[in-house]
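The next block holds one structure in the form of structure tokens; read it before the comments.
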There are 4 protein chains.
Amino acid sequence: MKKVRIGVLGAGRIGKLHITNLVQSVPNAEVAAIADPFLNEETVAFAESLGITKCSKDPQDIFSDDTIDAVFVCTSTDAHAEMIMRAAAVGKHVFCEKPIHTDLAKIRGAIAAVEQAGVKLQVGFVRRFDHNHKKVHDVVASGRLGKPHIIKVCSRDPDHQPMSYIATSGGIFMDMTIHDFDMVRYLSGSEVVEVCAFGAALSGAGYEQYDDADTAVIMLRFENGAIGVIDNSRASHYGYDQRTEVHCDKGCVQVSNDLDDQAMISSAEGVEVAKPTWFFLERYNNAFIQETKDFVDAIQNDTDTLVGAKDGLMPVAIAMAAAKSYREGRTVRLDEVLG
Amino acid sequence: MKKVRIGVLGAGRIGKLHITNLVQSVPNAEVAAIADPFLNEETVAFAESLGITKCSKDPQDIFSDDTIDAVFVCTSTDAHAEMIMRAAAVGKHVFCEKPIHTDLAKIRGAIAAVEQAGVKLQVGFVRRFDHNHKKVHDVVASGRLGKPHIIKVCSRDPDHQPMSYIATSGGIFMDMTIHDFDMVRYLSGSEVVEVCAFGAALSGAGYEQYDDADTAVIMLRFENGAIGVIDNSRASHYGYDQRTEVHCDKGCVQVSNDLDDQAMISSAEGVEVAKPTWFFLERYNNAFIQETKDFVDAIQNDTDTLVGAKDGLMPVAIAMAAAKSYREGRTVRLDEVLG
Amino acid sequence: MKKVRIGVLGAGRIGKLHITNLVQSVPNAEVAAIADPFLNEETVAFAESLGITKCSKDPQDIFSDDTIDAVFVCTSTDAHAEMIMRAAAVGKHVFCEKPIHTDLAKIRGAIAAVEQAGVKLQVGFVRRFDHNHKKVHDVVASGRLGKPHIIKVCSRDPDHQPMSYIATSGGIFMDMTIHDFDMVRYLSGSEVVEVCAFGAALSGAGYEQYDDADTAVIMLRFENGAIGVIDNSRASHYGYDQRTEVHCDKGCVQVSNDLDDQAMISSAEGVEVAKPTWFFLERYNNAFIQETKDFVDAIQNDTDTLVGAKDGLMPVAIAMAAAKSYREGRTVRLDEVLG
Amino acid sequence: MKKVRIGVLGAGRIGKLHITNLVQSVPNAEVAAIADPFLNEETVAFAESLGITKCSKDPQDIFSDDTIDAVFVCTSTDAHAEMIMRAAAVGKHVFCEKPIHTDLAKIRGAIAAVEQAGVKLQVGFVRRFDHNHKKVHDVVASGRLGKPHIIKVCSRDPDHQPMSYIATSGGIFMDMTIHDFDMVRYLSGSEVVEVCAFGAALSGAGYEQYDDADTAVIMLRFENGAIGVIDNSRASHYGYDQRTEVHCDKGCVQVSNDLDDQAMISSAEGVEVAKPTWFFLERYNNAFIQETKDFVDAIQNDTDTLVGAKDGLMPVAIAMAAAKSYREGRTVRLDEVLG
């Protein structure tokens, strides 16, 4: 079967990650070209080391290449929606990093373009492809424990990002919790109808100067009646803490963290076990490969992607509702945000 | 040193538990008398088997016995406050099962009586004496992890109580979450200032006919800035699920459940481990003994009890605020309830 | 039903433990009398605090008391066999601490006396009554995993005994591993036919001066074909390490240690969990109660005890074979020892 | 820095694994050529898909290619030693799958050739590169727990190999335990001086017809005084069970299995956790990559390989001693085998 030819838009950290995975781990894909407005020698050398010779600064070089079937949108967030629309306009399938945009109208525009063009769209909510969270999902979806009652997500980053990053991040709910909003939709199999968020700047790192929080707890109510709860911290200090749990009619399924190793060291001083893996690159390495494979397979087999248009829209809307709840000190219905 | 002589008011299930523990496990106490309005032959036989010969139907027999130093109030909840006041009036120390009352004015009256009389009061929030939760508390209180940011409590009962019990229980927040409200105060070392509660009747067992919930998630904000979250279910089906966790400035301390055993059974069919212990009598057996010892020690050594008057008042107020939040669909400040 | 009246011979540490358990936790037993050649005021006071008024220095006071149904033999080891024979001679049931003797002829004499008299004998291999090891036994005995192939026991004491104790202990195999020899018989449901023991004095504490080992590994072959292995250390330093495992035809059952608590403390420094409980009094507290209850029940219901005469003989024989293997550097058949 | 050019001898399952890893995961290596006497179209296509165009049936094509720096010996076991000698003769470094040979003289000949030629030799004991076992090694080697006393290895394959394989496997000690013999040397940091092995054919699969065992326990004594113990089963049925543990002067370090996931499913039926990963390809996937990287780095940096000549010789000698012990029913000194 013909390989899926891919153009990658944006070759920063996440772009390079996808390129490497496509080349090394997705046999039915090939990276045909890279376009990055900040293209430099280091990136060209990186590309060459992987056998990719077509590099440019202009995304149009990819859009106008008729041999290219699909694009990976790994540019800065504010260009995502535009890239989707340009790709759709020339009939190319799109894998887009999250979020599509922080403006719902822009997201809707991009989705409309994709639907009109009949191309596939997959949004990069990578955690759905992690073996642990997928196991929780699969057990819930199998129905063996009955209907879900409580969806719990613990999500803590290992350490603070620079304050310069925080300044333009869009706030904890849009920047960090957005992954968890996707996760609770995935695990519950239902849509969020209302949200109440508590947040606080407790770490002393300076989030308060941006009216932002480093610590948050968010409650959610789902269409199917289930209740969700997420707790977030910007700095766990012990590693990437990513636990999910669903309590159902007949029991509970939960996953703890992947650890650096399975060692236990016992002495008079105490008993020591391994830390969780440090951050998302270590924890979700295989999930990044898997989401890429699934996207390429969806193109080859002409099936739906596992994270589609609505999955690109809803977490942004929930993040907006959570931020509104946090600012206004009240429960916010999704309707208020979705219009 | 002279043994502390105790009169037990109410010899139902919890009364008998305290009597047995006092006799068998608290060497510096003796049960001098039992008073229970429903006294029957079975209870008299139970008492005799433990060497207790003074049984009556009238609590006055205990209040008027000058050789008795302290009472255990194990009557029905609506009589707790009155019993405390009568005990205080005759200078007897009081151990009172929770809650003191569901009316804050009554609680305040009882507390005022106790304070005026200068007698000791301990409220039966037994979980503070559990080795696991105490470990979480002690690590937080030691300051080694810095200030608390997130206080998490998971609390699920193994199975539904009869609907006849639910009808008069006062609702999930007053009947069940009240223990968790005490726990978050204990673990955070701070007072709750506002509460937001989501609840739902999802089990099909019929809670909705009493406007009650079988499933709840409650967010709390503390004076020290920390955020708390509790999740409750009336029916886990796999046992008593009681986990606590505090995420702090420098890390996290958490406890999982005590299990029936440490066995792991591995075969082609899968890997099986033990369930959590079934319910509170199994899980908190040692904690019940410990709270009794501590109360008796506090009397002998004339020290403060570990769960005092304010600890009797605040969880009831938080439960009222949570119920109000649940009914009104909004965040409720404790001020609104405490006046 | 009439309570079983018990006389306790020897009121040292283990005697006092059994007395306390009998009084507080075995409702169908009563301690009628205590005899201890070293009886002192402290022991009399201990007895009185539990309501036991008959104390003497002469065991004959117990043997000649016709109201006493059974004795607990908690004397020094060298007197065990004689006490059993005297008890049997006057028709009293016997609970005897392990080992009955370190001379097989003496054990056989005691067993013959017991059998002739038709009284019950239970030997104090307490670990059979532990919830964890019993679970392993029960899973194996149920047959759900098929026949046992490998029986594994890890048994490490928390710290060295005084060298004065080691000097007269009889050596690691007779003093310490003897419990494990009982355990492998219990778990395998089969008799040991040959043994090979490696031992070494590695700790620097001085075991070599008594030709004794502080570290040992012992392989065993069972009649049913299974292979066993035990590893021992006199000093784990992290607590009492007592793990058992049976690998069977269709899978494996194993138990890890009971821990002080279920806490996990995570920070930049690492992740810390609780130690195993410190020593046998903490670990096997409930097992001590259970073995006592079972003995008393066996008398009341006239059923077999769960740890009988052969269970008193065989671990001693295996210990002798292991010691011989250790000294002679070869595999030793049980026949060589049993004659 | 110039890439290390590698010729792969033998392109069966393990050869293909190394080729894939070298191409995809070892940037400073390139696979220059493949030689396999059974070369077929499928292998040529496999090679081409990885950009390798030089394939032949004759190893001489590799030995005579002066641009090739090193060879991977992945042929059938009986050809290993000859391939090493031919590679050494033409000055090529050698990575050789285990065992070098089952005849000590042949191994010694190969080692002598390598040493004379001054080329590097690495033997494929892949488990040394596993994150778990390496952690145990590193903790022991760091000395923080003092000297090792007990080295324990549990090693069970998930299921029986075909009896046709068993017929020519060389027996459980040479075929399976050989990895564990390497492991105990690695973990103890010391040489084995004597061995005692118990084995049995218990599964009913038919090992007895080859005088072979499906179940074994092996005790080992080390030069540094430590005692080792290995337990083996050919068929765990629940997955690849690979646990290691070292008890030292001041405490213990142990590793349990990597699992398929971190999920726990709790319901009235029980609590279920994930199985160990199924077999060595799943469990040691990263270790295979790591050993390859380390070999290539050793060549580029001219450092010693981590698994050298003596590591190729000693496990075979220990396996011979264990087999002899099993057959003769006695402890065997390594001297008897090594001469």
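The values are calculated or read from the model by the stated rules, or taken from the named source; none is laboratory data. This is a predicted model, so every value here is computed, not measured. Virtual Cβ from ideal backbone geometry, glycine too; neighbours counted across all protein chains shown.
Quick notes on this one:
- So residue C:129, is it closer than 30 Å to residue C:248 by Cα, crowded, with 17+ Cβ neighbours inside 10 Å and more than 10 Å from every other protein chain (Cβ to nearest Cβ): yes
- Candidate set: the stretch C:180-197, residues that are assigned to a helix (DSSP H, G or I) and either among the aromatic types (Phe, Trp, Tyr) or within 25 Å of residue D:243 (Cα to Cα) (or both); chosen: the one farthest from the chain's Cα centre (by Cα): C:188
- Total residues in the stretch B:192-223 satisfying the condition of being farther than 20 Å from residue B:158 by Cα and either in contact with a strand residue (DSSP E or B) (Cβ under 7 Å, 6 or more places away or on another chain) or buried (at least 24 other Cβ atoms within 10 Å of the Cβ) (or both): the figure is 12.
- Residue in the stretch D:5-24 that is of a type in the set (S, T, N, Q) and in contact with a helix residue (DSSP H, G or I) (Cβ under 6 Å, 6 or more places away or on another chain) present: yes
- Condition check for residue A:88: within 19 Å of the chain's Cα centre (by Cα), over 29 Å from residue A:226 (Cβ atoms), in a helix (DSSP H, G or I) and not charged (D, E, K, R): no
Residues checked against (1) surrounded by fewer than 21 Cβ atoms within 10 Å (Cβ to Cβ); (2) modelled with pLDDT of 95 or more; (3) not hydroxyl-bearing (Ser, Thr, Tyr):
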position: B:237; (1), (2), (3): no, yes, yes
position: B:273; (1), (2), (3): yes, yes, yes
position: B:316; (1), (2), (3): no, yes, yes
position: B:334; (1), (2), (3): yes, yes, yes
position: B:339; (1), (2), (3): yes, no, yes
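- Those helices (runs of 4 or more DSSP H) lying entirely in the stretch A:101-167 with at least 2 residues among the hydroxyl-bearing types (Ser, Thr, Tyr): A:163-167
Okay, residues lined up against (1) within 21 Å of the chain's Cα centre (by Cα); (2) of a type outside the set (Ser, Thr, Tyr); (3) surrounded by 20 or more Cβ atoms within 10 Å (Cβ to Cβ):
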site: B:6; (1), (2), (3): yes, yes, yes
site: B:45; (1), (2), (3): no, yes, no
site: B:48; (1), (2), (3): no, yes, no
site: B:97; (1), (2), (3): yes, yes, yes
site: B:105; (1), (2), (3): yes, yes, no
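- Yes/no for residue D:77 being among the β-branched types (Val, Ile, Thr) and closer than 17 Å to residue D:3 by Cα: no
- Scanning the stretch A:306-330 for residues that are in a loop (DSSP other than H, G, I, E, B) and touching a residue at least 12 places away in the same chain (Cβ under 8 Å) yields A:306, A:307, A:308, A:330.
- Matching option when the condition is touching a residue at least 60 places away in the same chain (Cβ under 8 Å), in a strand (DSSP E or B), of a type in the set (A, V, I, L, M) and within 12 Å of chain C (Cβ to nearest Cβ), among B:246, B:229: B:246
- Top-ranked residue of the stretch C:259-296 - restricted to ones that are in contact (Cβ under 8 Å) with a residue 60 or more places away in the chain and in a loop (DSSP other than H, G, I, E, B), ranked as farthest from residue A:270 (Cα to Cα): C:284
- Test set (1) facing another protein chain (nearest Cβ under 9 Å); (2) assigned to a loop (DSSP other than H, G, I, E, B) - residue D:217 fails condition number: (2)
- For the stretch D:185-228, the set of residues classified as closer than 16 Å to residue C:195 by Cα and of a type in the set (Phe, Trp, Tyr) consists of D:198 only.
- Residue match in the stretch D:295-307 (condition: under 18 Å from the mean Cα position of the chain (by Cα), under 20 Å from residue D:141 (Cβ atoms) and hydroxyl-bearing (Ser, Thr, Tyr)): yes
- Any chance residue D:189 is surrounded by fewer than 24 Cβ atoms within 10 Å (Cβ to Cβ), farther than 30 Å from residue D:140 by Cβ and either at the interface with chain A (Cβ under 10 Å from one of its Cβ atoms) or in contact (Cβ under 8 Å) with a residue 40 or more places away in the chain (or both): no
- Filter result for the condition that a residue is touching a residue at least 40 places away in the same chain (Cβ under 8 Å), within 22 Å of residue C:293 (Cα to Cα) and more than 9 Å from every other protein chain (Cβ to nearest Cβ), over C:179, C:160: C:179
Here's the yes/no breakdown for (1) within 14 Å of chain D (Cβ to nearest Cβ); (2) not hydrophobic (A, V, I, L, M, F, W, C):
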position: B:270; (1), (2): yes, yes
position: B:275; (1), (2): yes, yes
position: B:278; (1), (2): yes, no
position: B:294; (1), (2): no, yes
position: B:297; (1), (2): no, yes
position: B:312; (1), (2): no, yes
position: B:319; (1), (2): no, no
position: B:335; (1), (2): no, yes
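- Subset of the stretch B:97-109 that is charged (D, E, K, R) and in contact (Cβ under 8 Å) with a residue 40 or more places away in the chain - its residue that is farthest from residue B:299 (Cα to Cα): B:108
- Residue in the stretch C:291-303 that is under 26 Å from residue C:235 (Cβ atoms), of a type outside the set (Phe, Trp, Tyr) and in contact with a His (Cβ under 6 Å, 6 or more places away or on another chain) present: no
- If the condition is being closer than 24 Å to residue D:216 by Cα and β-branched (Val, Ile, Thr), then the stretch D:280-339 contributes D:316, D:318, D:331, D:332, D:337.
- Contact map, the stretch D:110-126: residues that are touching a residue at least 40 places away in the same chain (Cβ under 8 Å) paired with residues that are hydroxyl-bearing (Ser, Thr, Tyr) and buried (at least 21 other Cβ atoms within 10 Å of the Cβ), Cβ distance under 7 Å, separation 6+ or inter-chain. Pairs shown: D:126/D:284.
- Check on residue A:303, surrounded by fewer than 21 Cβ atoms within 10 Å (Cβ to Cβ), among the polar types (S, T, N, Q), outside any helix (DSSP H, G or I) and modelled with pLDDT of 95 or more: yes
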